[in-house]
Amino acid sequence: MDIQQIKYFLILAEELHFWNTSEKVGITQSALSRQIMSLESELNLKLFDRDKRNVSLTSAGQYLKEKWQSELSTLEIVHQQALQIHLGELGTIKIAHPDSISSTIIPEIISKISSAFPQLNMELLQLPYSQEEEALKNYKIDILLSRDMNQSVFLHSKKLSSDNLCLVVPTDHDFKTPEDITSVNLANQKFILTYGGSDSRYDSLLQDIFKHYNIHPSSFISSQFGSTIISLIKKGLGIAILPLSYSHYDPIGLRFIPLPFFSDLYINWRKDDPNIIIKNIMDLI
């Protein structure tokens, strides 16, 4: 018994006419008759009462018609979903990203993906820098947007954009223009520092900035998440160096003063990953 035989049976059960059914399904009457007889033989029951003039369903045939119509509809839906999964149009994709692009690049990317693949589920995560690479290697996430380019032989890494770094201060702060940012003026400032880890390119970049201004900033607060730092700056607890993209986050009460430094944004994914969803999304991005 196969699906095609069941389809033949269901059409014949509606038509109750072998000639009409054979025309509809595109096979000869004798071939249709053999298919129905084979089905009856395998089921060990009679599906139709038929003579030279009339065809009618048996009680068992009527029962199977009702059941198989429902089951076949469900099966076709399942088959269609399987096809969509195979084509990368259905399923779940997990994307990790830094807090800094939550109000800029992420909405743009997710909008593009959603338009192209409306039935695709997307999970957005934010991870500490120290967990990013392992999460990608261990299939806990599928795509990683990061301020750091991964050097792992198991991963691809490609630069997407660059973001101007800014000194972020409260609006009532004395610093108003880039000219106000000097070694002398910075020396006594309290910094709220980001922390990615000793091997983080972003943290290394911050150290380059401090060396540029020849300062050793005092700090009693550090955080891995820029949105937390933004809130602390608004409370007057210090100043910080953050990507300009945070100015789209919640700029009220803050001043972003550009510095002559830039932070790159990379997209990272597993090499030779067979997941067609990832390929589709990478092609889209």
| message | Step by step: first the residues of region 140-183, then only those that are among the hydroxyl-bearing types (Ser, Thr, Tyr) and in a strand (DSSP E or B), then the one that is surrounded by the fewest Cβ atoms within 10 Å (Cβ to Cβ). Which residue is that? | response | 162
| said: Pairs needed: first member in region 224-240, without any contact (Cβ under 8 Å) to a residue 60 or more places away in the chain; second member anywhere, aromatic (Phe, Trp, Tyr) and surrounded by 15 or more Cβ atoms within 10 Å (Cβ to Cβ); C-beta distance under 6 Å; at least 6 residues apart or different chains. | reply: 238/191
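From the list 247, 231, pick out the single residue that is within 20 Å of residue 180 (Cβ to Cβ), assigned by TED's automatic domain parsing to the domain that holds residue 168, modelled with pLDDT under 95 and not in a strand (DSSP E or B).
Working: 231 fails: within 20 Å of residue 180 (Cβ to Cβ).
Criteria check complete, one pass: 247.
This table checks each residue for (1) in a loop (DSSP other than H, G, I, E, B); (2) farther than 15 Å from residue 160 by Cβ.
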residue: 92; (1), (2): no, yes
residue: 95; (1), (2): no, no
residue: 112; (1), (2): no, no
residue: 115; (1), (2): no, yes
residue: 124; (1), (2): no, yes
residue: 127; (1), (2): yes, yes
residue: 130; (1), (2): no, yes
| message | Just checking, does region 261-271 include any residue being in contact with a Pro (Cβ under 9 Å, 6 or more places away or on another chain), buried (at least 18 other Cβ atoms within 10 Å of the Cβ), not aromatic (Phe, Trp, Tyr) and not in a loop (DSSP other than H, G, I, E, B)? | response | yes
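Just to be sure, is residue 245 exposed (fewer than 15 other Cβ atoms within 10 Å of the Cβ) and closer than 19 Å to residue 98 by Cα? Let's see the steps before the verdict.
Numbers: exposed (fewer than 15 other Cβ atoms within 10 Å of the Cβ): no; closer than 19 Å to residue 98 by Cα: yes.
So residue 245 does not fit the description; no.
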| remark: So, first residue aliphatic (A, V, I, L, M) in region 107-121, second residue surrounded by fewer than 13 Cβ atoms within 10 Å (Cβ to Cβ), Cβ within less than 7 Å, six or more apart or across chains; the pairs are 113/284; 116/284
| Is there any pair linking a residue in region 201-223 that is at positive phi to one that is surrounded by fewer than 12 Cβ atoms within 10 Å (Cβ to Cβ) and assigned to a helix (DSSP H, G or I), with Cβ under 7 Å and at least six apart or on different chains, and which? | 214/183
| task | Could you look through region 7-43, keep only residues that are within 14 Å of residue 57 (Cα to Cα) and either in contact (Cβ under 8 Å) with a residue 40 or more places away in the chain or among the β-branched types (Val, Ile, Thr) (or both), and pick out the one that is surrounded by the most Cβ atoms within 10 Å (Cβ to Cβ)? | result | 12
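The values are calculated or read from the model by the stated rules, or taken from the named source; none is laboratory data. The model shown is predicted, which means the values in this text are computed figures rather than measured ones. All Cβ positions, even for glycine, are placed from backbone atoms using ideal geometry, and neighbour counts span all protein chains on display.
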